[in-house]
Amino acid sequence: MTVRIGIAGAAGRMGRMLAAEVLRTPGTALVAGLDAPGSEGQDLGTIAGLAPTGVTTGADPAAFLAGLDVAIDFSTAAATARLADAASGTGTRLVIGTTGLDTAETEAVERAAQTIAILRAANFSVGVNLLLGLAEQVARTLGPEYDIEILEMHHRLKIDAPSGTALAIGRAAAQGRGQPLEALWVKSRDGLTGQRPDGAIGFATLRGGGVVGDHTAIFAGPGEQLELTHKAADRSIFARGAVRAALWIAGRPAGLYGMKDLLGL
Ligand code: NAD
């Protein structure tokens, strides 16, 4: 069976990589693209630097979803929430890579997952997903004497901070400590902050150049420090993971899935 795939955020940096990845993946067909109003009519092949495909970007989510098996969404948080609502109406499965969703937007995705299958990941790389498992294990093993700090660096165009992946690493570490991340996080520091609260999980954000995505989880304890680092060299790792997720989700019942489920971690 051929899985008919559409890309939301098709004209973006990830959207172009995704189009190229779908076109080279057997068992898939690239059938539609969605982008912001005003960016209609761009051929998905051409903007990915390949031969024209005859499939062009549109701006109407309902028209985009018609005739799709799976939509892969790497757009903006507000657009993702609207797409999740629309997809639960049409029964279209979703793969969501967009980060920076607020509480209401996250709830829209969770609500949609009651009627459709959704795989959401802040990072589609296999290495990062292993790092999440390791961070949880290390946090559990070392215990609260070890201070956890998460450092991330991304390209200068990124609009949200800390990165979705940094927060996912923090969430994994908090889980290792048996607590919700929201009870422990310190997302930025400025001025006279006072001492580090016991058990806090701190975040530090760097932005510059074309860095695709670097993340380090630091466990700083009495007399020693353990660091786990992942560096993404190329965005194609995210596109590969997302297209793999689209093939995987195509046969799944309603629910909210993650890369853990796909990778069997
Ligand atoms: P980008 O700004 O290059 O692309 C976003 C695209 O979304 C743009 O083309 C924009 O026009 C489009 N868009 C805006 N409003 C829209 C709407 N209403 N409907 C449809 N499309 C709309 O950004 P990017 O670097 O491609 O990243 C996109 C998202 O994916 C970000 O949230 C980023 O953090 C995330 N991301 C996730 C992963 C992962 O592995 N999960 C990897 C890389 C990026």
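Points to keep in mind about this one:
- Residue within the range 249-260 that is over 20 Å from residue 87 (Cβ atoms) and surrounded by fewer than 19 Cβ atoms within 10 Å (Cβ to Cβ) present: yes
- Filtered residues of the range 58-78 (kept if among the aromatic types (Phe, Trp, Tyr) and closer than 16 Å to residue 29 by Cα): 64
- Residue check, residue 175 over 23 Å from residue 235 (Cα atoms), touching a helix residue (DSSP H, G or I) at 6+ places or on another chain (Cβ under 6 Å) and surrounded by fewer than 20 Cβ atoms within 10 Å (Cβ to Cβ): yes
- Enumeration of residues in the range 152-168 that are buried (at least 16 other Cβ atoms within 10 Å of the Cβ) and of a type in the set (Val, Ile, Thr): 165
- Looking across the range 24-43 at every residue that is β-branched (Val, Ile, Thr) and in a strand (DSSP E or B), the one that is farthest from the ligand (Cβ to nearest atom) is identified as 28.
- Helices (runs of 4 or more DSSP H) enclosed by the range 54-142 - at least 3 residues per element that are under 19 Å from residue 154 (Cβ atoms): 126-142
- Of all residues in the range 44-53 being out of contact with any Ser or Thr (no Cβ under 6 Å at 6 or more places or on another chain) and in a loop (DSSP other than H, G, I, E, B), the one that is farthest from the ligand (Cβ to nearest atom): 51
The numbers here are math on the coordinates, done by the rules we state, and not lab data. Every value quoted in this text rests on a predicted model; they were computed, and no experiment measured them. All Cβ positions, glycine included, derive from the backbone under ideal geometry; neighbour counts span all protein chains shown.
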